[in-house]
1. Among the candidates Leu97, Leu138, single out the residue that is at pLDDT 95 or above, more than 23 Å from Thr196 (Cα to Cα) and out of contact with any Phe, Trp or Tyr (no Cβ under 6 Å at 6 or more places or on another chain).
2. Condition first: among the β-branched types (Val, Ile, Thr), buried (at least 21 other Cβ atoms within 10 Å of the Cβ) and either assigned to a helix (DSSP H, G or I) or in contact (Cβ under 8 Å) with a residue 12 or more places away in the chain (or both). Can you find one or more residues in segment 138-157 that meet it?
3. Any residue in segment 196-215 that is of a type in the set (S, T, N, Q) and more than 18 Å from Gly88 (Cβ to Cβ)?
4. Determine which member of the set Asp218, Asp205, Asp169 is touching a strand residue (DSSP E or B) at 6+ places or on another chain (Cβ under 6 Å) and either in contact (Cβ under 8 Å) with a residue 24 or more places away in the chain or among the hydroxyl-bearing types (Ser, Thr, Tyr) (or both).
5. Against the conditions (1) in a helix (DSSP H, G or I); (2) modelled with pLDDT under 95, where does Asn161 fall short? Just the number, please.
6. Give segment 18-47 a look and list any residue that's modelled with pLDDT under 95 and either among the β-branched types (Val, Ile, Thr) or closer than 19 Å to Ile195 by Cα (or both), or say none.
Amino acid sequence: MSLIELRGLIKTYRMGDVDVHALRGVDMKIEKGEFVAITGASGSGKSTMLNILGCLDLPSQGEYILEGIQVGGLDKGALADIRNQKIGFVFQGFNLLARTSALENVELPLLYDRAGRIKDPARKAVEALTRVGLADRLHHEPNKLSGGEQQRVAIARALINEPSIILADEPTGNLDTETSMEVIGIFRELNDQGITIILVTHEPDIARQARRAIELRDGHIIKDEML
């Protein structure tokens, strides 16, 4: 059984009087432990796909099956549980709370842990920050951290719930080349530890650091290759 399977996935948005076809019948499988880059020009459908994979949006038609679960039939509570327990999110803009320490930012998702899986949030947050090389920055607020360090905090926050999948939307978009490669190096290390990584990027150099690249154009997969 694949970790992720998309079958005939269609996503259509209504914009005024116009239908926008973001995804047009996508079929795709991703296995546990893969590192996949999703690429394509602006408007190709890559962010829409990431939102559906992250249970932030639902397809208009077709099936999304995650670890054998038919996602389309779930209610909002079940979708929230999947996001909290199975998926870690990393965004281009870091999305850290100002005037809040790195440690507190990383602990934040545990406020929504209805299952109570993590018994010692502070210890878990320290472990996550140590994992991304920030053991000496636990009590620094975002404005005291570099862009690369802020993204490391965001990655640590994505790790706190022990997800099986990390979804990253343009995670190096606000970083210089050297820092971008450092961040991608962290993703590769996490992937080596068994976490499935799926990242959206428009940067060819970043996509080449993944182990598989899927290119979208006008809502269709036009290329899918191992790297």
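The values are calculated or read from the model by the stated rules, or taken from the named source; none is laboratory data. Worth saying up front: this structure is predicted, and the values here are computed from it rather than measured. Cβ coordinates were reconstructed from backbone atoms using ideal geometry, including for glycine residues, and neighbour counts include every protein chain displayed.
1. It is Leu138.
2. Yes: one or more hits.
3. The answer is yes; a qualifying residue exists.
4. Asp169
5. If we test Asn161 against (1) in a helix (DSSP H, G or I); (2) modelled with pLDDT under 95, just (1) comes out false.
6. The answer is Val18, Val20.
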